[in-house]
Structure formats: structure tokens, C-alpha cells
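Everything below concerns the one structure shown next.
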Ligand code: GAR
């Protein structure tokens, strides 16, 4: 049995997919949603799905052990970043080595790094006239969007695409592949 904690800053459509996927698999469960944004819709989704939530401020996250204590109390085995926009502090990286997974809405190493999230990524892909984009699911380390890649999938970028069109196509890929990539990674951790 693995306990999964999800960090999300916004809508939380990925978080919802992951919660639902694992509710059908008795081996693993999402038992905590954490957010830096008290108004994030992900909190509403978590409430509707009966998953406990924890909201924190910048000062709490970077200068106290409170978030770590909440994770340890929940028995967290794996942290999933699903649209979480803050850099993860060192104390989480050292407590959960190889156990923090992020999703990025582009084909890293392109269109990654500080400030590249959500619509900004899709705007940049379209501005550069790329013919394809995609998703990257990866482990995280001290820098934004740099850790070991676990999975990538591509989709076309059409000449008529707006950033919203591309975001919709990317979300479809994310919802389809993120939960099963997490599950596959948990299996590899268990067989170590
Ligand atoms: C997702 O597309 C995710 O890839 C992206 O934020 C979106 C969150 O959507 N993450 C980043 O840009 C991180 N750099 P959601 O809240 O509906 O799951």
C-alpha cells in the first residue's frame, strides 16, 4: 500500500483524475491534497471526493517543518506535483529522494524552467511555430524541470491552434497517461 500526496496550485483536473484512478486500485491511494492557494479549485474537487486537504503559505512552506510534518503524519510514500507552481524546498527533496514526480505540459527540455507553466508554455510553443508539443512526466531535483524523465507523449500543434486549444489537447494526454505512469513508477519502487 502506498500513500500518495498531491500538490496542486490551480484547477486540479489532473489531481481529480489521479484520485479517481487510484480509488479503483486497492494497493495505492491519494490520501492528501496540498495547495499554496486557498482559492484553488482543486480544494473543491478534493472535498467532493472526500480527500483531506492542507493549505499553506510561502513562509510556512519555506521556513517551517509544518508541511513535512503533515506529509509524514499522512504516511506519504510518493509526492505528485500536478500543476504546482512553487519550487520544492530542499527538505522535501532530501526526505523524499526519487519520490517526487512532476508533470510538465511540454516536451522537456524544451519550454521548461522558471516561469514556464500552464498557458505560458502553450503560448511559447505556438509563438515559436512548433509542429508538435506534448507532456513530460519526470522526477524532480533542485532545479525546475530537470530531473529524470519517466514518460513523454506527443501531440500535434495545428496552425490554427490558440493556447487554449493546445491546452485542451495537452490535458487529454495528461489525464490519459499521468495516473498510469504514477502506478508504473510505484511498481518499480516496490521491486527495488
Ligand atoms: C497541467 O497542464 C500541468 O502540466 C501544468 O499545469 C496544468 C495544471 O492543470 N503544470 C505546469 O505547467 C508545471 N510547470 P490542472 O490543474 O487542471 O491539473
- Pairing a residue in region 66-78 that is more than 15 Å from residue 94 (Cβ to Cβ) with any residue that is modelled with pLDDT of 95 or more and assigned to a helix (DSSP H, G or I), where Cβ atoms lie under 6 Å and the two sit 6 or more apart in sequence or on different chains, gives 66/60
- Note on the structure: Exactly one of 166, 150, 173 is under 15 Å from the mean Cα position of the chain (by Cα), over 24 Å from residue 26 (Cβ atoms) and in contact (Cβ under 8 Å) with a residue 24 or more places away in the chain, and that residue is 173
- Condition broken by residue 45, with the remaining ones in (1) without any contact (Cβ under 8 Å) to a residue 12 or more places away in the chain; (2) surrounded by 16 or more Cβ atoms within 10 Å (Cβ to Cβ) satisfied: (1)
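Condition test on residue 24, is it within 27 Å of residue 119 (Cβ to Cβ) and surrounded by fewer than 22 Cβ atoms within 10 Å (Cβ to Cβ)? Let's see the steps before the verdict.
On the way: within 27 Å of residue 119 (Cβ to Cβ): no; surrounded by fewer than 22 Cβ atoms within 10 Å (Cβ to Cβ): yes.
Here the answer is no, as residue 24 does not meet what is asked.
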- How do the helices (runs of 4 or more DSSP H) wholly within region 74-192 filter down when requiring 3 or more residues that are touching a helix residue (DSSP H, G or I) at 6+ places or on another chain (Cβ under 6 Å): which remain? 118-127, 163-190
- Qualifying residues in region 74-105 (those that are within 8 Å of the ligand (Cβ to nearest atom) and either loosely packed, with under 14 Cβ neighbours inside 10 Å or modelled with pLDDT of 95 or more (or both)) - the one nearest to residue 167 (Cα to Cα): 105
- Residue in region 106-119 that is farthest from the ligand (Cβ to nearest atom), counting only those that are out of contact with any strand residue (DSSP E or B) (no Cβ under 9 Å at 6 or more places or on another chain) and closer than 14 Å to residue 168 by Cα: 119
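The values are calculated or read from the model by the stated rules, or taken from the named source; none is laboratory data. For clarity, every value in this text was computed on a predicted model and none was experimentally measured. Neighbour counts run over all protein chains shown; Cβ positions are idealised from the backbone, glycine included.
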